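Quick notes on the structure that follows.
Taken together, the values in this text are just the output of simple stated rules run on the coordinates, not laboratory data. All figures in this text were calculated on a predicted structure; none of them were measured in a lab. In this analysis, Cβ positions are derived from the backbone assuming ideal geometry, glycine residues included, and neighbour counts consider all displayed protein chains.
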Amino acid sequence: MSQADVSQAGFARLSGVTALQVNNWCRDRAAVPRWATMLALALRELSVEGLTILCDELATTVARPQ
């Protein structure tokens, strides 16, 4: 998370888990769920603009009738 310039508390707020749980992941006290790993990688790799575009694309995909 430090590479993504996000604090543990910030990551917890963003992802809807407790700061204690994020701390446990960071200290290898608990297994990190795949979704949390993917979110951390996205925060590290994508710009704000890139994240916005991705969110818009996902929202469009979810809203599109099957």
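Examine the stretch 16-38 for a residue that is in a loop (DSSP other than H, G, I, E, B), touching a Leu at 6+ places or on another chain (Cβ under 9 Å) and not polar (S, T, N, Q), and state whether such a residue exists.
no
Return the residues of the stretch 1-29 that are free of Cβ contacts under 8 Å to residues at least 12 places away in the same chain and surrounded by 17 or more Cβ atoms within 10 Å (Cβ to Cβ); say none if nothing qualifies.
Ala12, Gln21, Trp25
Considering each residue of the stretch 31-53, count those that are closer than 22 Å to Ser2 by Cβ and surrounded by 10 or more Cβ atoms within 10 Å (Cβ to Cβ), and give that number.
15
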